[in-house]
Structures are given as C-alpha cells and as structure tokens.
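First up is the structure itself, then whatever we jot down about it.
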Amino acid sequence: MKTLKSRIVVITGAGSGIGRSLALESARRGARLALCDVNDTGLAETAAACDGAEVLTAHVDVADRGAVEAFRDQVATRFGGVDVVINNAGVAHAQTIEDSRYDDFEWIMGINFWGVVHGTKAFLPLLRERDSAALINVSSVFGIISVPTQGTYNASKFAVRGFTEALRHEMAGSNIHVMCVHPGGIRTNIARTARFYVGPDGGTDHERATGFFDRIARTTPDQAAAKILKDLARRRGRCLIGADAVALAAVARTAPERYWSILSRLMPKSRAA
C-alpha cells in the first residue's frame, strides 16, 4: 500500500507507545483514523495530536469480542469501510511458568492473542470489500525467541506469529496484504505497566528491571511506526524493528537450541529485591 491518503486506518492500543505513533504518522499521511484503547486519557491525547485528521475514538477492551465487534460496527457506520487494520494492543507479564497464576495466563492471552483474533475476525469482512487492503498484527521479537520468566508473553506472541503467518498464506493472491510485526526493545511503558513478579535474571525489583529495559530499548515508538509503514508500502510479510530484533532473529536461526546460553551472558547479575 503506497499511500494512506484518505484511507481508513484502524489502530488498537492507540493511547500510547507504538499505537500512538502509528496514529500520528498515519494522520500526517492523510489517513482517516479509527482508534481504540482502554486508556481514555491517553486515547484523547492521541486524537488531539492528530493534526486535524478525521478521528473516531472508542474505549475498547480488545479481550472482549463483543466490544471489538461493536467498535467494528461504529467504524463501518462512520466511514463506510476499512482499508488498514493494525492490531497493536498488548501487555506484559514476568513470572516463571511454574509460579504463574491461571488468571495471569488468561489476562495476557486475552489481550495479546485473543485481541488479535477478535480484531482480525471482526474486520476481515470489511477489508474484503476493498480493492486493496492490509492487516497488520503486532507480535514481538519474543515471538521469535523465548526467555525465562517470559513464558506467558512468549506464548501470546508466538501465537500471534503463527496465527498471522497462516493468515498471510491464506490471503496470498487476494486483495488483503498481511504482515506480522516483531519489535525489539521499544521505548514504551510496556515494561513499567507489566504484571511483574520476577525477571529473567531472577531479580524481583520491578523498578530495577524497568530501568534495565529503558537502557537497552534503543528504538523510539516513532521509529517503530515509520518502519511498520515503510514495510507495509513494500508489502513485506515480516517486519523486524530495531537492530536488536534483527540480531536476535539471526541468533535464533543459527543457534535454535543454544541461543539463551549465548544471550544470558548479556543479562545483569541479579540483586536482592
């Protein structure tokens, strides 16, 4: 998709981070926007910053199928169709699989995986009606490698990857281009707002873990949004964001069983919480 001018773009998780940057960049390119989030304040700030673009906003919990379908109906009524859907909403959780609670599994899978399923299934019929359309699902570099204490997050993001790649094969030759996005470390609040219990180094100090993430996250949300839209224009099926994502994908490809023994050497030594 070479241009977003006058296109209707749907973005979930648009209240902050990559979602907000995608909304702002799409607005700059002339898109008409349908934005949702559970963060009403952040969503309103995003909409206000969209420089006069036509914007529909809605409070939507993407884990709620009915809420997503109601949002779809709002979008169809307001705009008459959809050209691009970006399922971006996501959350994080840090705990060993052994000690993770079932409600943590249900929470993260509800948003990270089922949110993608709901957004995809709800909007595919509208995308089918366009001559040229796109569906973009945001996974993670943790949908390519797995890390201790990130098992629930890994499960959700590997699921998004498998789901999206299967859909891409199914949509081959159709009017709908499908892309899976794998960000590396992006300077967002996802680590700060995570359900954090213990990190990969065994530490339980959330503030310290967040500080480490902030130090290694080299890519800004604006840079991530620009890369996503650049790869969309190039009709890429996989979008790796950041030099870290490219490097980690290469390590996983060349050392599929040993990559954590390599990567763990880069982790800081844990300290008592």
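Here are the numbers for the structure shown:
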quantity	calculated
Span-like helix ranges in the chain, DSSP H, alpha carbon extent 24 angstrom or more, Kyte mean at least -0.5	151-171
List His169, His182, ordered by accessible area with a 1.4 Å probe, largest first	His169, His182
Mean Cα-pair separation over length for segment 8-263, i.e. relative contact order, pairs under 8 Å, 6 or more apart, %	18 percent
Only Lys, Arg (+1) and Asp, Glu (-1) charged, at Cβ; segment 8-263 dipole about Cα centre in debye	940 debye
Charge tally in the Cβ shell below 14 Å around Gly115, where Lys, Arg are +1 and Asp, Glu are -1, Gly115 excluded	-1
Relative contact order of segment 16-82, defined on C-alpha pairs under 8 angstrom at six or more residues apart (%)	28 percent
Residues with amide H under 5 Å from that of Ala34, placed H, sequence gap 5 or more	Val9, Val10, Ile11, Leu56
Sulfur and carbon atoms: percent of accessible area, segment 8-263 [1.4 Å]	51 percent
Cβ-based net charge around Lys227, under 11 Å, with every Lys or Arg adding one and every Asp or Glu removing one	0
Exposed trypsin sites (Lys or Arg not before Pro) absent: longest stretch of the chain, with sites in DSSP loops and at most 12 other Cβ within 10 Å deemed exposed	6-233
Per residue accessible area in Å² of the chain, where ligands, DNA and RNA are left out and the probe is 1.4 Å	46 Å²
Modelled FRET efficiency - R0 30 Å, Glu170 with Thr254, Cβ distances, 0.05 increments	0.50
Square roots of five times the Cα gyration tensor eigenvalues for segment 68-190, Å	28, 16, 12
Filter on Lys121/Lys157; Lys5/Lys121; Lys121/Lys230; Lys157/Lys227; Lys5/Lys157 - keep pairs with C-alpha separation over 21 Å	Lys5/Lys121; Lys121/Lys230; Lys5/Lys157
The chain: Cα Rg divided by the 2.2 N^0.38 Å rule of thumb	0.98
Per DSSP, loop GluC sites (Glu not before Pro) in segment 88-153 with at most 11 further Cβ within 10 Å	Glu98
Ranking by accessible area, most exposed first, for Phe163, Phe71 with a 1.4 Å probe	Phe163, Phe71
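The values are calculated or read from the model by the stated rules, or taken from the named source; none is laboratory data. Bear in mind the structure is a predicted one, so any value in this text is a computation, not a measurement. A quick note on method: Cβ atoms are made from the backbone with ideal geometry, for glycine too, and the neighbour counts reach across all protein chains shown. SASA here: full protein model, heavy atoms, side chains in, ligands and nucleic acids out. Shrake-Rupley method; radii C 1.70, N 1.55, O 1.52, S 1.80 Å.
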